[in-house]
Amino acid sequence: MKKFLILILLSLLGIADATYLTFEHYRQVIPPCTVNRFLPIASDCGKVLNSSYSIAFGVPLAVFGIIQYSLLLIAIILLAIYRKKIFTYWLILQSLVGAIFSMYFMYIQIGILKSICIYCTLSAFISFIIFFLVSKIFHKEKILLRLNIIAFVYQKIIKPFFFLFDPEFIHNLMVSRGELIGKTFVKNFLNWKLNYSSKKLKQKIAGIDFAGPVGLAAGFDYEARLTQILYSLGFGFQTVGTITNIPYEGNPYPRLGRLPKSRSLMVNKGFKNIGAKAIAKNLVLSGVEGFEIPLGISIGVSNNQNLISLKDSIDDVKMAFSVFEKTKIKNSYYELNISCPNLINNNVSFYETSGLLQLLQSIDRLKLRKPIFVKMPIDKSNKEFLSLLEVISKFNFIKGIIIGNLFKDRKSPLLDKQEVNKFKVGNFSGKPCEPRSNELIKLTYKKYKNKLIIIGCGGVFNGRDAYTKIKLGASLIQLITGMIFQGPQLISQINLELEELLEKDGYGNIREAVGSDVIPLKKGIQGRLDSRLRGNDKLL
Ligand SMILES: Cc1cc2nc3c(=O)[nH]c(=O)nc-3n(C[C@H](O)[C@H](O)[C@H](O)COP(=O)(O)O)c2cc1C
């Protein structure tokens with residue numbers, strides 16, 4: 001309440017100052033003011049108040065001052081009574097208007113008239129203090145407002161424009177712009193204005209310090225070109241790839257499509273990438289000084305028709321791992337993608353338990369220096385999924401799983417019929433993935449909560465979606481499609497929203513909320529249980 005009182009007093013002072021100037025203007029009296037002509041900038045109220053700048057549209061500026069401070073006062077009072085976000089936003093914008101105009105008027109006095117009116121300067125001073133206090137008190141709301149404005153501009157102007165063009169063209173354009181920005185100071189500006197992170201969202205998992213719970217899923221930065229920019233959008237970790245040992249130019253077109261009604265993307269890339277060796281070079285160059293946030297390398301089997309037997313495919317995956325292991329890349333983890341549904345040249349599947357077992361035994365022998373997370377399919381039955389988990393959970397080098405990959409059922413009501421019929425090939429991301437991803441997170445958490453860390457992925461479009469996955473058992477979240485539909489500000493919006501939801505539920509840190517909808521435990525106990533898993537690898 002104290003903060004509101006101070007703001008009210010300042011607004012009243014502003015109203016009094018502006019009212020006095022208005023009154024004197026209409027009385028045609030110049031208020032008492034020291035005239036000092038010896039300093040470079042004179043204090044001369046007459047010169048300022050009689051100048052043409054003191055009137056706009058035939059009305060003295062002081063009247064606008066009364067209106068400005070009165071609007072501020074109303075916003076403060078309404079906010080103090082109703083505590084609604086809309087009044088906070090109003091107050092922030094109103095104080096910003098005051099600060100901008102005050103800056104302009106100070107420029108006119110100092111820069112053009114070379115004279116200062118102490119009453120006008122007092123008003124500017126009050127405006128600056130109000131703006132400073134509002135920015136400080138409502139720091140979080142200010143960021144939220146900024147993010148909402150970016151979201152509005154992206155969703156109403158930029159996205160409709162982008163969606164007129166070929167999706168792969170737009171993707172390539174965005175990646176090349178992002179790569180460029182990552183090499184300039186603009187990334188620091190973006191980080192300052194866009195990145196919202198919070199202590200409550202930081203976690204240590206498998207010995208890795210995750211700056212935030214939201215990461216970029218595999219498939220967006222498949223050539224590792226965005227490693228220096230993503231943290232400034234609020235990402236807490238990032239995966240590059242999926243990368244294969246043998247380069248692949250991508251499946252025949254169409255490789256990417258949009259399904260706006262289904263809030264989904266059609267994906268048919270089939271591991272388009274320039275190959276492990278070339279990407280390793282990129283990563284060595286871009287990550288000389290390391291990466292701001294944990295970086296993961298997603299590895300899959302090459303989409304190549306020369307890999308005929310299971311052994312060929314296993315050797316191929318091992319080769320890709322070896323390429324990265326031989327370098328000094330400072331990645332924090334690997335992802336093993338066993339679930340790409342778009343491999344048209346390679347018929348070997350690691351879905352079956354026997355193939356998966358052989359693959360994991362071979363990788364185990366590599367004695368990798370970094371932990372592995374396995375990217376799971378979501379189109380398997382519970383029984384099939386659990387049998388895959390049984391195999392995975394035998395290996396200590398696997399720290400967790402990502403649930404999961406793309407949605408395959410073209411007949412599902414989760415996909416708009418007309419939209420899906422436009423594409424004869426491919427599988428689907430976004431909202432259609434969400435229900436099954438959530439079911440499988442819950443299933444896994446129930447059975448393997450002390451053995452496997454879960455990264456929830458599929459259809460996360462806002463903080464609530466992310467929180468649902470967390471409460472079902474996911475410790476971390478990954479996304480792609482939400483960012484394409486909602487905008488690049490989405491990650492910080494999710495961070496902010498998550499923090500609010502945690503506070504509302506009385507959690508001090510995100511780890512306390514993990515799995516709370518599946519196995520409700522007393523607050524804090526969950527965090528402690530999980531913490532046994534986090535840094536202490538012996539338990540895994
Ligand atoms: C354009 C695109 C390319 C993808 N490529 C890969 C990939 O190479 N490797 C992988 O593991 N997943 C890939 N995926 C799947 C995503 O990582 C993610 O599992 C899926 O899209 C669900 O998340 P979302 O709804 O947030 O997009 C791709 C997804 C999209 C949209």
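Tabulated values for the structure
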quantity: Number of positions in region 205-218 that are buried (at least 24 other Cβ atoms within 10 Å of the Cβ) and assigned to a loop (DSSP other than H, G, I, E, B); calculated: 4
quantity: Search result, residues across region 68-91 that are within 17 Å of LYS136 (Cβ to Cβ) and either among the hydroxyl-bearing types (Ser, Thr, Tyr) or in contact with a strand residue (DSSP E or B) (Cβ under 6 Å, 6 or more places away or on another chain) (or both); calculated: THR88, TYR89
quantity: Qualifying positions in region 109-123 - surrounded by 17 or more Cβ atoms within 10 Å (Cβ to Cβ) and without any contact (Cβ under 8 Å) to a residue 60 or more places away in the chain; calculated: THR121
quantity: Cβ-Cβ under 8 Å pairs, at least 6 apart or on other chains, region 391-419 side among the β-branched types (Val, Ile, Thr), far side in a helix (DSSP H, G or I) and away from the ligand (no atom under 16 Å from the Cβ); calculated: VAL391/THR353; VAL391/LEU357; VAL391/LEU360; ILE392/LEU360; ILE398/LEU360; ILE401/LEU389
quantity: Residue that is nearest to ILE338 (Cα to Cα) [pool: residues in region 277-324 that are within 15 Å of the ligand (Cβ to nearest atom), more than 27 Å from the chain's Cα centre (by Cα) and part of a helix (DSSP H, G or I)]; calculated: VAL317
quantity: Of all residues in region 157-188 being within 16 Å of the ligand (Cβ to nearest atom) and of a type in the set (D, E, K, R), the one that is farthest from GLY257 (Cα to Cα); calculated: LYS159
quantity: So ALA124, is it over 30 Å from TYR107 (Cβ atoms) and hydrophobic (A, V, I, L, M, F, W, C); calculated: no
quantity: Selection within region 393-440 - among the small types (Gly, Ala, Ser) and either within 19 Å of LEU256 (Cβ to Cβ) or surrounded by fewer than 22 Cβ atoms within 10 Å (Cβ to Cβ) (or both); calculated: SER393, SER412, GLY426, SER429, GLY430
quantity: Residue that is surrounded by 15 or more Cβ atoms within 10 Å (Cβ to Cβ) and of a type in the set (Ser, Thr, Tyr), where the choices are SER362, SER381; calculated: SER362
quantity: Residues that are more than 9 Å from the ligand (Cβ to nearest atom), within 20 Å of the chain's Cα centre (by Cα), part of a loop (DSSP other than H, G, I, E, B) and of a type outside the set (Ser, Thr, Tyr), drawn from region 426-482; calculated: ASN462, ALA474
quantity: Selection from region 135-161 of residues that are more than 14 Å from LYS193 (Cα to Cα), of a type outside the set (A, V, I, L, M, F, W, C) and free of Cβ contacts under 8 Å to residues at least 40 places away in the same chain; calculated: LYS136, LYS156, PRO160
quantity: ILE363, sole failed condition from (1) in contact (Cβ under 8 Å) with a residue 60 or more places away in the chain; (2) more than 14 Å from the ligand (Cβ to nearest atom); calculated: (1)
quantity: Counted residues, region 267-290 - those being over 13 Å from PHE324 (Cα atoms) and modelled with pLDDT of 90 or more; calculated: 4
quantity: Residue that is without any contact (Cβ under 8 Å) to a residue 60 or more places away in the chain and either among the aromatic types (Phe, Trp, Tyr) or more than 16 Å from the ligand (Cβ to nearest atom) (or both), where the choices are ASN195, ASN191; calculated: ASN191
quantity: Matching entry among LYS140, LYS136 (being in a helix (DSSP H, G or I), exposed (fewer than 15 other Cβ atoms within 10 Å of the Cβ) and at pLDDT 90 or above); calculated: LYS136
quantity: All positions within region 56-78 that are assigned to a helix (DSSP H, G or I) and of a type outside the set (A, V, I, L, M); calculated: PHE64, GLY65, GLN68, TYR69, SER70
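Residue-wise test of (1) in contact with a helix residue (DSSP H, G or I) (Cβ under 7 Å, 6 or more places away or on another chain); (2) free of Cβ contacts under 8 Å to residues at least 60 places away in the same chain; (3) outside the structural domain of VAL48 (by TED's automatic domain parsing); (4) on the phi > 0 side of the Ramachandran plot.
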residue	(1), (2), (3), (4)
PHE101	no, yes, no, no
PHE125	no, yes, no, no
ILE130	yes, no, no, no
GLN203	yes, no, yes, no
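The values are calculated or read from the model by the stated rules, or taken from the named source; none is laboratory data. In this text, all values refer to a predicted model and were calculated from it rather than measured experimentally. With ideal geometry, Cβ positions are generated from the backbone for all residues, glycine too; neighbour counts draw on all protein chains shown.
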